[in-house]
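Trainee: Please find one structure pasted underneath; my questions will follow.
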Amino acid sequence: KVLVLESGSARHNLRKQIPEHDIIVTNYALLRRDLTALQKFDFQAIVLDEAQYIKNPAAQVTISVKQLKGKNRLALTGTPLENKLLDLWSIVDFVQPGYLGSQSDFNTNYEPKGENPEVSEQIARRRLSAKLRPIMLRRLKRQVAKDLPERIEQRRDCELGDEQRKLYLAELRRSREQVLHTIQEQGLAKSKIHVLAALTRLRQICCHPQLVGNDSPSGKTETLFELLEQLVEEGQKVLVFSQFVQMLRLLEAECATRGIKTHILTGETKNRQDVVNAFQADADPSIFLLSLRAAGTGLNLTTASYVVLYDPWWNPAVEAQAIDRSHRIGQTRTVNAYRLITPGTVEEKIWELQQRKAQTIIDVLGEEGFARSLTKADLEYLFSE
């Protein structure tokens, strides 16, 4: 017997029924609220799906999950590493507490040290990979879903508009001087917030000047709609991902102006599954506008066979998961994924650094985001003209 602990006033009565059921299903948000009730039970097994939700050791959801009592523990995730090795420590510490030592021990044993942090990190990851082998089962999609159709990924260049380029270059020169001065004054480690803020503003200009309060048109948006109008005319359904919710709202408005049907899902969307179901059931050609972080995992969107990554993200694993919303079990058509890149800008340089670092940084499990590995030379390159 299965009991689903749903949100709402009836949950109090549902909790009373736990002893009468074999399997209890809940989500991470409700688990925090129901923790006191759930702690009373010794479960035979605790299974976490999308276990990257407990990647932050200090997060309340992680602390709550680790207070549950269970004889067996299993964590399932497609991206155990999103940003740093500590993500993996947190998940493993749930599965087998103490296996990788304390958080402090882990940092001592596996964090890069010395004058050559890239080489140090490579060695540490190989050691960690060997340590994890006895408790980790890794399966690639090509091993378990051999009948999946082909997945074609391609880059599509989008030239900046004339006014957009002027705005970009002015911001680049201003931010480069500011960032390099901050690094000189505070050091690279203490300047990361300033660096990422400056890079984010440049990336926003590449997406659309309106994201920084400028009314100039966007060359990238025009390129996107050249593609979308062609696909809609062919009767296709398309997923469009962006990191920026404001960008999705601009695209939603532009689609309405052009008579293109849309669905949208962001972190603010409350009825997520209803929105997903509506898109999946929609027989008309339409565009599903999706926040990269809010919709990058856990969704099945196989009625679309075209995916557009409107703006590049630091972490290739996050981008891959976004494409996987369409390229998954149940998909019968070839999936075409487009990465929109503005050449000669920070977007292209992020993409090039991804390719370069993928050749030199060996991950424990596969590709990992490279933001934490940026050197001063990398930053000078990112802020170059």
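Trainee: For residue 97, only one of the following conditions fails: (1) crowded, with 17+ Cβ neighbours inside 10 Å; (2) in a loop (DSSP other than H, G, I, E, B); (3) not hydrophobic (A, V, I, L, M, F, W, C). What is its number?
Mentor: (1)
The rows are residues; the columns are (1) within 25 Å of residue 319 (Cα to Cα); (2) touching a Pro at 6+ places or on another chain (Cβ under 7 Å); (3) charged (D, E, K, R).
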| residue | (1), (2), (3) |
| --- | --- |
| 149 | yes, no, no |
| 153 | yes, no, yes |
| 174 | no, no, yes |
| 181 | no, no, no |
| 187 | no, no, no |
| 237 | yes, yes, yes |
| 243 | yes, no, no |
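Trainee: Hey, could you check region 264-311 for residues that are acidic (Asp, Glu) and under 18 Å from the mean Cα position of the chain (by Cα) and say which is nearest to residue 342 (Cα to Cα)?
Mentor: Only one residue tops the list, namely 311.
Trainee: When you look at residue 61, is it surrounded by 13 or more Cβ atoms within 10 Å (Cβ to Cβ) and either more than 29 Å from residue 92 (Cβ to Cβ) or β-branched (Val, Ile, Thr) (or both), yes or no?
Mentor: yes
Trainee: Which one of these is surrounded by 14 or more Cβ atoms within 10 Å (Cβ to Cβ), at pLDDT 90 or above and of a type in the set (A, V, I, L, M, F, W, C): 46, 23, 18?
Mentor: None of the other options fit; the residue is 46.
Trainee: Moving to a separate point now. If you scan region 189-226, which residues turn out to be in contact with an Asp or Glu (Cβ under 7 Å, 6 or more places away or on another chain) and either of a type in the set (Lys, Arg) or closer than 14 Å to residue 379 by Cβ (or both)?
Mentor: Listed by number, the residues that qualify are 201, 202, 203.
Trainee: Still on this structure, please answer the following. Can you tell me which residue within region 333-374, out of those that are among the polar types (S, T, N, Q) and modelled with pLDDT of 75 or more, is surrounded by the most Cβ atoms within 10 Å (Cβ to Cβ)?
Mentor: Restricting to residues being among the polar types (S, T, N, Q) and modelled with pLDDT of 75 or more, the top hit is 342.
Trainee: In region 189-226, which residues are under 17 Å from residue 171 (Cβ atoms) and in contact (Cβ under 8 Å) with a residue 60 or more places away in the chain?
Mentor: 195, 196, 198, 199, 202, 203, 206, 207, 219, 220 - these are the residues of region 189-226 that are under 17 Å from residue 171 (Cβ atoms) and in contact (Cβ under 8 Å) with a residue 60 or more places away in the chain.
Trainee: Which pairs turn up if I take residues in region 331-346 that are farther than 15 Å from residue 222 by Cα and assigned by TED's automatic domain parsing to the domain that holds residue 309 and look for partners that are exposed (fewer than 15 other Cβ atoms within 10 Å of the Cβ) and of a type in the set (Gly, Ala, Ser) with beta carbon separation below 8 Å, at least 6 apart in sequence or on another chain?
Mentor: none
Trainee: Here's a follow-up. Any residue at all in region 200-218 that's in a helix (DSSP H, G or I), in contact with a strand residue (DSSP E or B) (Cβ under 8 Å, 6 or more places away or on another chain) and modelled with pLDDT of 85 or more?
Mentor: Looking through region 200-218, at least one residue is in a helix (DSSP H, G or I), in contact with a strand residue (DSSP E or B) (Cβ under 8 Å, 6 or more places away or on another chain) and modelled with pLDDT of 85 or more.
Trainee: Moving on. Report, by residue number, each residue of region 271-284 that is in contact with a strand residue (DSSP E or B) (Cβ under 8 Å, 6 or more places away or on another chain) and surrounded by 14 or more Cβ atoms within 10 Å (Cβ to Cβ).
Mentor: 272, 275, 276, 279, 282
Trainee: Out of 133, 138, 174, which single residue is out of contact with any helix residue (DSSP H, G or I) (no Cβ under 8 Å at 6 or more places or on another chain) and either part of a loop (DSSP other than H, G, I, E, B) or under 14 Å from residue 382 (Cβ atoms) (or both)?
Mentor: 138
Trainee: Condition test on residue 165, is it in contact with a Lys or Arg (Cβ under 7 Å, 6 or more places away or on another chain), surrounded by fewer than 19 Cβ atoms within 10 Å (Cβ to Cβ) and either under 29 Å from residue 337 (Cβ atoms) or not assigned by TED's automatic domain parsing to the domain that holds residue 327 (or both)?
Mentor: For residue 165, the condition - in contact with a Lys or Arg (Cβ under 7 Å, 6 or more places away or on another chain), surrounded by fewer than 19 Cβ atoms within 10 Å (Cβ to Cβ) and either under 29 Å from residue 337 (Cβ atoms) or not assigned by TED's automatic domain parsing to the domain that holds residue 327 (or both) - is not met.
Trainee: Identify the single condition in (1) over 27 Å from residue 375 (Cβ atoms); (2) surrounded by fewer than 15 Cβ atoms within 10 Å (Cβ to Cβ) that residue 127 does not satisfy, given that it satisfies every other one.
Mentor: (1)
The values are calculated or read from the model by the stated rules, or taken from the named source; none is laboratory data. In this text the structure is predicted, and so the values were computed from the model without any measurement. Here the Cβ is made from the backbone with ideal geometry for all residues, glycine too, and neighbour counts use every protein chain on show.
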